[in-house]
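The structure under discussion appears below in the form of structure tokens.
Derivation of every value follows stated rules applied to the coordinates shown; laboratory data play no part. If you're wondering where the values come from, they're calculated on a predicted model, not measured in any experiment. Counting neighbours? That spans all protein chains shown, and the Cβs are built from the backbone with ideal geometry, glycine included.
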Amino acid sequence: MLKNLVESRGYSTTGTDWGWYREFEPGASSGPALLLQAAAAWYVSGGVLWFVRIVPLLYFLVYLGSLAWLFTALAGRWGGLIAVASPLVLAVGLADLSTVSLVPGRYVGEFTAVAFTVLMVARIYRRYPLLAGIAGGLAIQTKFNFALPIAVFLLVAVLGSWLRHNRGLRPHVTRLVLGVLIPTLLFEV
């Protein structure tokens with residue numbers, strides 16, 4: 001699929017998974033926030049697999065870092081350590097990366113979307129609402145089913161600001177909502 005993205009054929013497969021060409025692959029649920037970087041890595045490396053696998057590995061490291069950041073704030077050093085160690089229990093280092101396990105080298109958008117969601121709701125929400133919103137928008141563009149938790153968080157932020165400030169929105173909530181819209185407008189328009 002990455003080769004087809006590089007060659008401007010869209011989300012299509014060429015028979016490696018299913019044995020035939022599909023114009024649109026419905027099984028590919030990871031969105032452009034993950035696959036466009038992967039296609040760029042494919043283009044730069046000429047399709048070298050180990051280089052292309054660096055993209056999801058870097059997102060997995062962002063996932064671990066965001067877990068450490070959040071759980072250190074919630075439960076201290078040990079909470080952060082346990083949060084980082086728990087995903088490492090997954091079946092990593094297998095010779096066969098075509099298994100259904102969630103290894104860091106596979107293109108599984110859930111790791112990336114969770115990392116962006118945690119970054120959105122963690123500490124950067126109050127300090128940098130526009131960046132938090134962009135992280136939420138990238139989570140939606142990585143896995144569309146993350147639109148629900150992002151929408152719930154936005155609803156709570158908007159209603160909380162509206163009720164707390166005499167039925168008015170604080171500017172940081174407006175920047176948060178604007179930030180969520182930016183990745184979608186860039187990718188979809």
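Numerical summary
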{"item": "Counted charge near Ser161, where neighbours are those whose Cβ lies closer than 11 Å (Asp, Glu -1; Lys, Arg +1)", "result": "+3"}
{"item": "Efficiency of FRET from Cβ geometry, Arg77 and Phe51, R₀ 35 Å, rounded to 0.05", "result": "0.50"}
{"item": "Net lengthening on full extension, Thr174/Val158 (0.36 nm per residue, minus Cα-Cα)", "result": "4.9 nm"}
{"item": "Ranked His172, His165, criterion: other C-beta atoms within 10 Å, fewest first", "result": "His165, His172"}
{"item": "Net charge of neighbours whose Cβ lies under 15 Å from the Cβ of Ile140, counting Lys and Arg as +1 and Asp and Glu as -1", "result": "-1"}
{"item": "Footprinting exposure proxy for Thr174, Thr112 (fewest neighbouring C-beta atoms within 10 Å first)", "result": "Thr174, Thr112"}
